[in-house]
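All of the numbers you see were taken from the coordinates with simple rules; none came from a lab. From a predicted model like this one, the values you see are computed outputs, not experimental measurements. Virtual Cβ from ideal backbone geometry, glycine too; neighbours counted across all protein chains shown.
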Amino acid sequence: MTEIKQLFAEELTLLKKIQEYGKERSHGKLERVEKVKLLLLYRIYSNLYSSLLLTAHVLKTGKISLFQLPIGLLLRCCFTDCLFAIYIQRANKKQVYEELDLRTIEYANSMLERKEVYRDQIKSTGIICDDAFIDHLWELTMEDNFLGLLTLDDDQEKLTVIKRSKQQLKDEGFSRAKGVKTKDIVDFLISIPELRKVVTRLYHYYKYFSQYEHFSENGQADVLASSEKAGNDNIHLPSAIKALSAGVEIAMNNYG
């Protein structure tokens with residue numbers, strides 16, 4: 001249980017650090033990169049707080065076997081967001097703005113494949129609507145939320161929202177059709193000497209926790225703690241939070 005207590009303490013310390021930082025900078029108009037960084041820190045806070053609640057439950061039960069998997073999935077998101085928060089402050093501003101625009105477009109495109117989710121959302125209210133009317137509401141919602149990002153094809157019987165093509169993006173001045181991958185971000189950051197050590201640790205933990213997303217019958221031992229022990233026998237979770245904390249510290253302080 002000593003390790004779990006350490007984990008709880010490290011999580012709580014980092015949560016307080018992010019909370020204090022957010023309070024100091026949540027007022028007034030922020031430059032775009034600074035605003036996005038703050039949003040990323042809020043995401044880290046949200047995921048880390050959920051991890052803390054799971055850790056608290058482990059402290060009560062004395063077993064981590066059922067909770068290491070969700071804790072790891074939450075921490076994976078934290079490490080991804082931390083790396084991106086550092087990246088947007090060190091990369092060329094023009095490239096960063098393009099990256100943020102591309103991610104907005106990618107998010108909008110992914111929303112095109114959530115019509116069934118929206119349909120269930122409408123039906124859950126008890127309002128009786130046929131599917132055609134719900135589809136129309138969905139299209140209007142997409143137009144309202146992503147005006148200028150999505151193209152409407154009016155050659156069909158009803159409006160259909162279609163994704164932007166690679167050529168459309170190129171015509172609009174984008175150098176790439178997709179956002180940079182985490183490995184590309186890391187390769188850029190480790191080329192900066194003062195960031196190499198911290199970023200390498202962040203990336204290694206990101207890669208470790210990324211395995212939690214994928215099932216493998218031979219790899220389950222790497223994502224589930226031993227059910228026969230109160231502790232965890234394959235990763236020192238407090239060290240993971242310390243690595244994350246070091247990255248968050250850089251994210252907080254290297255923009256100026």
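Dipole size of the chain about its Cα centre, with +1 on Lys/Arg Cβ and -1 on Asp/Glu Cβ: approximately 1240 debye, rounded to the nearest 20.
Contact order for the chain, expressed relative to its length and based on alpha carbon pairs under 8 Å spaced 6+ residues apart, stands at 33 percent.
Relative contact order of segment 1-123, taken over Cα pairs closer than 8 Å and 6 or more residues apart, is 28 percent. Phi angles across segment 6-23 convert, under the Karplus curve 6.51 cos²θ - 1.76 cosθ + 1.60 with θ = phi - 60°, into 3J(HN,Hα) values of 5, 4, 4, 5, 5, 4, 4, 4, 5, 4, 5, 5, 5, 4, 5, 4, x, 4 Hz, Gly and Pro given as x.
Do the alpha carbons of any pairs in K94/K183; K94/K181; K29/K183; K23/K93; K29/K242; K23/K170 sit beyond 29 Å of each other, and which pairs? Pairs exceeding 29 Å: K29/K183; K29/K242; K23/K170. Okay, helix-only estimate at 222 nm for the chain: each DSSP H run of n ≥ 4 adds -39500 (n - 2.57), divide by all residues, round to 500 deg cm²/dmol; what do you get? Dividing the helical sum by the residues of the chain leaves -21500 deg cm²/dmol.
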